[in-house]
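Structure first, then comments.
The values are calculated or read from the model by the stated rules, or taken from the named source; none is laboratory data. Not measured: the values here are computed from a predicted model. Note: ideal-geometry Cβ built from the backbone for every residue, glycine included; neighbour counts use all protein chains shown. Keep in mind that these areas ignore ligands, DNA and RNA; they rest on the heavy atoms of the full protein, side chains included. Shrake-Rupley method; radii C 1.70, N 1.55, O 1.52, S 1.80 Å.
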Amino acid sequence: MRPIFSDKCFKCHGPDANKRQAGLRLDIEEEAYKALKEHPRAHAVVPGYPDSSELFARITSTDTGYRMPPVESYMTPLTKDKFAIIKKWIEQDAHYENH
């Protein structure tokens, strides 16, 4: 997962506090599981439940105002193959591995 997150997510949701958006860190397991600052009833990652994970809802959304990474970021959108990898990772309890 780390290569996908590093490529597509860490620019805005990684270790750099000055660039971090929405108070969300995806580079640290415990942070990814916390309730979202802007939506306290939602969680970016709910281990075992991709359909309850805000991260999965946002990366697969067709609504350009909701989808991540945002259209204006000029990053290429995630592919269906990457969706499947992320979904499987969440279904398998979303464990982070050390480098």
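Condition check: under 11 Å from the mean Cα position of the chain (by Cα), aromatic (F, W, Y) and open to solvent by less than 30 Å² (accessible area, probe 1.4 Å). Does F10 satisfy that? It is false that F10 is under 11 Å from the mean Cα position of the chain (by Cα), aromatic (F, W, Y) and open to solvent by less than 30 Å² (accessible area, probe 1.4 Å).
The condition of being at pLDDT 95 or above, in contact with a Ser or Thr (Cβ under 7 Å, 6 or more places away or on another chain) and within 21 Å of E72 (Cβ to Cβ) holds for A44.
Just one of the listed residues (R20, R67, R25) is basic (K, R) and in contact with a Lys or Arg (Cβ under 8 Å, 6 or more places away or on another chain), namely R67.
Yes or no, residue by residue, for (1) basic (K, R); (2) within 19 Å of E72 (Cβ to Cβ); (3) at pLDDT below 95:
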{"residue": "K11", "(1), (2), (3)": "yes, yes, yes"}
{"residue": "A22", "(1), (2), (3)": "no, yes, yes"}
{"residue": "A32", "(1), (2), (3)": "no, no, no"}
{"residue": "Y49", "(1), (2), (3)": "no, no, no"}
{"residue": "F56", "(1), (2), (3)": "no, no, no"}
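Checking the structure you have, find out if any residue of segment 53-61 is without any contact (Cβ under 8 Å) to a residue 12 or more places away in the chain, in contact with a helix residue (DSSP H, G or I) (Cβ under 9 Å, 6 or more places away or on another chain) and polar (S, T, N, Q). Among the residues of segment 53-61, not one is without any contact (Cβ under 8 Å) to a residue 12 or more places away in the chain, in contact with a helix residue (DSSP H, G or I) (Cβ under 9 Å, 6 or more places away or on another chain) and polar (S, T, N, Q), which makes the answer no. A search for C-beta distances below 6 Å between a residue of segment 84-96 that is of a type in the set (D, E, K, R) and any residue that is surrounded by fewer than 16 Cβ atoms within 10 Å (Cβ to Cβ) and assigned to a loop (DSSP other than H, G, I, E, B), counting only pairs 6+ apart in sequence or on different chains, returns D93/G48.
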